[in-house]
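For reference, the structure is listed below as structure tokens.
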Amino acid sequence: NAGVMQNPRHLVRRRGQEARLRCSPMKGHSHVYWYRQLPEEGLKFMVYLQKENIIDESGMPKERFSAEFPKEGPSILRIQQVVRGDSAAYFCASSPSATHNYGYTFGSGTRLTVV
Amino acid sequence: KQEVTQIPAALSVPEGENLVLNCSFTDSAIYNLQWFRQDPGKGLTSLLLIQSSQREQTSGRLNASLDKSSGRSTLYIAASQPGDSATYLCAVWGGSQGNLIFGKGTKLSVKP
């Protein structure tokens, strides 16, 4: 079991470009969560998805950010028209269910730098 | 709104010392609490998961306790080693939100 896989590990984008971050959950996990870690700040929840459904996007900025978790393939976090303030580490986590019996397993993150 | 606070923000100890990291949360209606370790530039590694019905969990030199009624958890590290140097994060699940709420972490440095 390869764990939660995120790619790319590092991503550099110029202002105005699009960033696409990918997350493949652990085998058997159908719940995916995206978190953002800004420099010197804690991890902040962004969005919670199950296959083909967005369950909770209360932490996602209203503009330029979107997320999906298709029936086949990885979950994608998409940031359009990136700005310098989007530079952060983006982490994905997965769990086998939405109940409290299981903890979250995190990936190694994608570090986005906007230049 | 759930808030998680970790004290101290940074801690430096000599190798071999036993130490305690503290975590407090404002809403006691949690389902579980999880301790993570984060190495610089790396992802999060889950250390211990404590369900709300449990008082403590142990793994090797690590012991985590949970006092839900007072909104506190501690992570005890015995006989610390330089390899324990990392940032330790506490996160709670539940309350009014269905996602993990993190503290800002305690940055631990163990000097040889």
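Surface burial for A against B, with a 1.4 Å probe and both sides summed, reaches about 1500 Å² of accessible area. Estimated from the Cβ-Cβ distance and a Förster radius of 35 angstrom, the FRET efficiency linking B:Ser28 and A:Leu38 is about 0.80. Heavy-atom surface analysis with a 1.4 Å probe gives chain B a carbon and sulfur content of 49 percent of its accessible area.
A straight chain from B:Asn18 to B:Lys104 at 0.36 nm per residue would run longer than the Cα-Cα distance by 28.8 nm. Here the label points at A:Ala2 and A:Gln80, each 7 Å from Cα along the C-beta direction, are separated by 3.0 nm in the simple model. A simple count of charges around A:Pro70, restricted to other residues whose Cβ falls under 11 Å of its Cβ and scoring Lys, Arg +1 and Asp, Glu -1, yields -1.
Neighbours of B:Lys42, meaning other residues whose beta-carbon lies under 12 angstrom from its beta-carbon, give a summed charge of +2 when Lys and Arg score +1 and Asp and Glu score -1. Applying 0.36 nm per residue to the separation of A:Lys27 and A:Tyr102 and subtracting their alpha-carbon distance, the gain on full extension is 25.6 nm. Couplings 3J(HN,Hα) for region A:82-87, derived from phi with the Karplus relation 6.51 cos²θ - 1.76 cosθ + 1.60 (θ = phi - 60°), are 4, 10, 4, x, 7, 4 Hz, where x marks Gly and Pro.
Just report the Cα centroid separation between region A:65-115 and region B:48-80, whole Å. Centre-to-centre (Cα) distance: 28 Å. Highest mean packing first, where packing is the average number of other Cβ atoms within 10 Å per residue, the peptides B:80-93, B:51-64 line up as B:80-93, B:51-64.
The values are calculated or read from the model by the stated rules, or taken from the named source; none is laboratory data. This is a predicted model, so every value here is computed, not measured. In this analysis, Cβ positions are derived from the backbone assuming ideal geometry, glycine residues included, and neighbour counts consider all displayed protein chains. In case anyone asks, the SASA skips ligands and DNA or RNA and just uses the protein heavy atoms, side chains included. Shrake-Rupley method; radii C 1.70, N 1.55, O 1.52, S 1.80 Å.
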